[in-house]
Amino acid sequence: MRKIVAGLFISLDGVIEAPHEWHFPYFNDEMGETVGAQMSASDAMLLGRVTYQEFASFWPDKTEDEYGGAAHMNGTPKFVVSTTLDSVDEWQNSTLVKGDFVEEITKLKEQDGKNIGVTGSATLVRPRCCNTACWMSFTCSSIRSSSATASSSFPTVPVRYR
């Protein structure tokens with residue numbers, strides 16, 4: 001069975017919203033290697049509506065020459081969980097998951113393949129349980145650098161929104 005692996009930029013006090021506004025000064029080679037390793041280990045993306053809309057407004061016309069990772073972002077199948085979207089046609093290789101998303105994601109996990117990567121999508125990442133069995137299991141990694149130390153305490157760190 002495939003794993004769903006969430007890769008989030010999270011501050012030590014639990015903030016994950018809008019990482020583009022605060023994490024870049026701390027981004028280093030070690031973080032880049034971790035992000036690259038997660039991307040290499042996945043062959044599908046699972047996204048919530050907000051992250052999908054942010055990514056779909058940026059990535060579709062980007063090339064690998066412009067932005068490293070563009071080939072992965074655009075070429076990888078994306079599964080978008082939303083109760084409000086009617087279409088995900090604006091970004092190639094995107095499929096809208098509506099209705100019983102637990103059933104649909106369970107089917108996806110049962111298919112052959114690599115990990116299913118989740119980037120952002122904080123609402124989607126919160127543990128959701130169905131019939132007392134969690135549908136999503138997470139593999140989390142921490143990044144330690146000389147500028148800050150952090151331990152992998154996700155998902156026990158409360159998520160805060162600005």
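The values are calculated or read from the model by the stated rules, or taken from the named source; none is laboratory data. On a predicted model such as this, the values are computed, not experimentally measured, just so you know. As a convention, Cβ positions derive from the backbone with ideal geometry for all residues, glycine included, and neighbour counts pool all protein chains shown. Areas reflect the complete protein model, heavy atoms only, side chains present, ligands, DNA and RNA absent. Shrake-Rupley method; radii C 1.70, N 1.55, O 1.52, S 1.80 Å.
One table, with the values for the structure above:
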quantity	calculated
Residue in segment 13-29 that is of a type in the set (Ser, Thr, Tyr), in contact (Cβ under 8 Å) with a residue 40 or more places away in the chain and open to solvent by less than 60 Å² (accessible area, probe 1.4 Å) present	no
Filtered residues of segment 92-149 (kept if modelled with pLDDT under 75, over 24 Å from Ala37 (Cα atoms) and β-branched (Val, Ile, Thr))	Thr132
Index of the failed condition, Leu8 passing every other in (1) open to solvent by less than 30 Å² (accessible area, probe 1.4 Å); (2) closer than 20 Å to Phe101 by Cβ	(1)
